[in-house]
Amino acid sequence: MSATLKTRTPLEAASVPVPVKLAAAWASFMFLYVDVFNFYKPHVVAGILDGMIWRFQVSPPLLTGMLASVMIPAVMIVLSVTLPPRANRIVNVVVASLYVPYSVFNMAGSSAEWLPFYVVSIGVELALLGFIVRRAWTSVPRREAGALGAER
């Protein structure tokens, strides 16, 4: 008997596991640096040096909350590749969904002059979050989805 081996062409897409795709999307989200580029807007750094971030007084609770909010995508990279399928699905859908209003809030108080900056930056963030929600939501195979529903 003769076995035929199928070889891939160099450009043929490799099968990438869903957890790796989710981790890559969270890493991409992290590296957009929208908040860093925001520092280049006039008066932003001066306001921070005067102790104000947007309309909030700089304080330990404010900075701790901000730190926690930017740490979440980093933690999601690890969780996306380590959680079991059901937990992975739930955590990714919930966290990405909660980040949608958070991302849109970054545009609050901006002028029409800065609209292109926010449309591009927030648009890419929302596209990545949409990818995460969709991929996580549809990632459980049908046979496993039935078993997951019976776990309760």
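Could you list the trypsin sites (Lys or Arg not before Pro) in segment 53-135 that lie in coil according to DSSP, counting only those with at most 16 other Cβ atoms within 10 Å of their Cβ? List each step's numbers first, then the result.
Values: sites: 55, 86, 89, 134, 135; in loops: 55.
Here the sparse-neighbourhood loop sites are 55.
If each residue of separation counts as 0.36 nm, what is the full-extension length gain between residue 87 and residue 57 once their alpha-carbon separation is subtracted? Each step should come with its number before you reach the end.
On the way: separation 30, 0.36 × 30 = 10.80 nm, distance 3.72 nm.
Length gained, residue 87 through residue 57: 7.1 nm.
Along Cα→Cβ, 7 Å out, is where each label goes; now give me the distance between the ones at residue 46 and residue 98 in nm to one decimal.
3.7 nm
Return the distance in nm (one decimal) between the two label points of a simple spin-label model at residue 115 and residue 78, each offset 7 Å from Cα along Cα→Cβ.
In this crude spin-label approximation the distance works out to 4.2 nm.
Output wanted: per-residue J couplings in Hz (rounded whole) for segment 122-127, from phi through Karplus 6.51 cos²θ - 1.76 cosθ + 1.60, θ = phi - 60°, x for Gly and Pro.
6, x, 5, 4, 5, 5
For residue 53, list long-range residues whose amide hydrogen, built 1.01 Å from N in the peptide plane, is under 5 Å from its own amide hydrogen.
Those lying under 5 Å, H to H, from residue 53 are 58.
What's the ranking of 21-32, 110-121 by average number of surrounding C-beta atoms within 10 Å, highest first? Working shown, then result.
Numbers: 21-32: 18.8, 110-121: 11.9.
Going by the mean number of other Cβ atoms within 10 Å, highest first, we get 21-32, 110-121.
Could you give the length gained on full extension between residue 68 and residue 28, defined as 0.36 nm per residue of separation minus the Cα-Cα distance, in nm?
Numbers: separation 40, 0.36 × 40 = 14.40 nm, distance 1.80 nm.
Working it through step by step, the gained length comes to 12.6 nm.
Pop out the ³J(HN,Hα) list for segment 17-30 in order, Karplus 6.51 cos²θ - 1.76 cosθ + 1.60 with θ = phi - 60°, rounded to Hz; leave Gly and Pro as x.
Ordered by residue, 3J(HN,Hα) equals x, 4, x, 6, 4, 5, 4, 5, 5, 5, 5, 4, 4, 4 Hz.
With just the Cα atoms of segment 20-152, tell me how far they stretch along each of the three principal axes, in Å, largest first.
57, 32, 21
Just so you know, all these numbers are worked out from the coordinates, no wet-lab data involved. Worth saying up front: this structure is predicted, and the values here are computed from it rather than measured. Backbone-built Cβ (ideal geometry, glycine too); neighbour counts: all protein chains shown.
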